Amino acid sequence: MPFARALLAVLTLMSSIASAQPTNAPATGSVFAVGYVEAQAKQADAARAALARYRQALERQPGCLGVDLFAQTDRPGHFAIVESWKDQATFDGRDAAAKRALMESLAPIRVSDYDERPYKALTLAPAKTAGADARNAFVVAHVDVAPNTQAPMLLQELAAASRQEAGNLRFDVLQHAMRGNHFTVIEQWRNQDALDAHVATAHARAYRDALQPLTGSPLDERVYTPIAR
């Protein structure tokens, strides 16, 4: 069957690189919040400024490991926010004033409400660069699959193979803290050419072939640019 052949291709490919791939254990206890919000296109700059203030407020708080802000490429007003926290206690202890200030700033200009979901690490690895430049291409993908499938294994194997590519700078996979069949993938590539080359690799194509029968909705992959500090 096509699915069986695709899965065999994934396993064969990953076993060939396993001996060279280091173990990338997630930071013990780290938790994440992934948020999305859409503002009016003509108010995109105002939304960027509000999100930047939110990032500054959070990163001053104990236990905040960082906040990534992304603007969707070619879709003004669409944003993704990835918060990283030391542990559940620091995440739960976030200063509510920062979120209130953000919501107040977004209220008159937003198109959608602020959608935030809690996540834990499935597989992380240190980024290969200390930050981002304007040439980098970022992908934030949402993967929704049926429960109790081999999707976590497929995503871990894809991450391991993708990190070996010369153009990859970051490949993290987060798993929903309460719904284990939902995942967010965060990718950073040196440039668009590196991303295009990745999509055409054998391991990326085999992953898509193996994942497709498991998905509960179409694979949602969007390209973003980082909001500068």
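The values are calculated or read from the model by the stated rules, or taken from the named source; none is laboratory data. Just so it is clear, the structure is predicted and the values come from calculations on it, not from any experiment. All Cβ positions, glycine included, derive from the backbone under ideal geometry; neighbour counts span all protein chains shown.
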Filtered residue count, the stretch 114-134, keeping only those that are farther than 15 Å from residue 70 by Cβ, in contact with a helix residue (DSSP H, G or I) (Cβ under 9 Å, 6 or more places away or on another chain) and of a type outside the set (A, V, I, L, M): 2
Options 137, 202, 132; residue that is over 26 Å from residue 30 (Cβ atoms) and not β-branched (Val, Ile, Thr): 202
Residue count, the stretch 131-151 (criterion: more than 17 Å from the chain's Cα centre (by Cα) and either in contact (Cβ under 8 Å) with a residue 60 or more places away in the chain or over 22 Å from residue 213 (Cβ atoms) (or both)): 6
Per-region count, the stretch 160-184, residues of a type in the set (Gly, Ala, Ser), in contact (Cβ under 8 Å) with a residue 40 or more places away in the chain and under 25 Å from residue 213 (Cβ atoms): 3
Number of positions in the stretch 67-103 that are touching a strand residue (DSSP E or B) at 6+ places or on another chain (Cβ under 7 Å), part of a loop (DSSP other than H, G, I, E, B) and either crowded, with 17+ Cβ neighbours inside 10 Å or among the acidic types (Asp, Glu) (or both): 2
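Rundown of residues vs (1) surrounded by fewer than 21 Cβ atoms within 10 Å (Cβ to Cβ); (2) touching a helix residue (DSSP H, G or I) at 6+ places or on another chain (Cβ under 6 Å); (3) on the phi < 0 side of the Ramachandran plot, yes/no style:
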| residue | (1), (2), (3) |
| --- | --- |
| 32 | no, no, yes |
| 39 | no, yes, yes |
| 42 | yes, no, yes |
| 46 | yes, no, yes |
| 52 | yes, no, yes |
| 56 | yes, no, yes |
| 65 | yes, no, yes |
Tally, over the stretch 178-197, of residues that are of a type in the set (A, V, I, L, M, F, W, C) and either in a strand (DSSP E or B) or at pLDDT below 95 (or both): 5
Those residues of the stretch 185-222 which are within 16 Å of residue 123 (Cβ to Cβ), in contact with a Phe, Trp or Tyr (Cβ under 6 Å, 6 or more places away or on another chain) and in contact (Cβ under 8 Å) with a residue 60 or more places away in the chain, in sequence order: 188
Scope the stretch 198-229; condition assigned to a loop (DSSP other than H, G, I, E, B), surrounded by fewer than 16 Cβ atoms within 10 Å (Cβ to Cβ), in contact with a Lys or Arg (Cβ under 9 Å, 6 or more places away or on another chain) and of a type in the set (A, V, I, L, M); matching residues: 219
Residue match in the stretch 106-121 (condition: hydroxyl-bearing (Ser, Thr, Tyr) and either out of contact with any strand residue (DSSP E or B) (no Cβ under 8 Å at 6 or more places or on another chain) or assigned to a helix (DSSP H, G or I) (or both)): no
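Could you tell me which of the residues 158, 122, 106 is at pLDDT 95 or above, crowded, with 20+ Cβ neighbours inside 10 Å and over 30 Å from residue 195 (Cα atoms)? Show your work before the answer.
Details: 158 fails: over 30 Å from residue 195 (Cα atoms); 122 fails: over 30 Å from residue 195 (Cα atoms).
Only one candidate passes the filter, namely 106.
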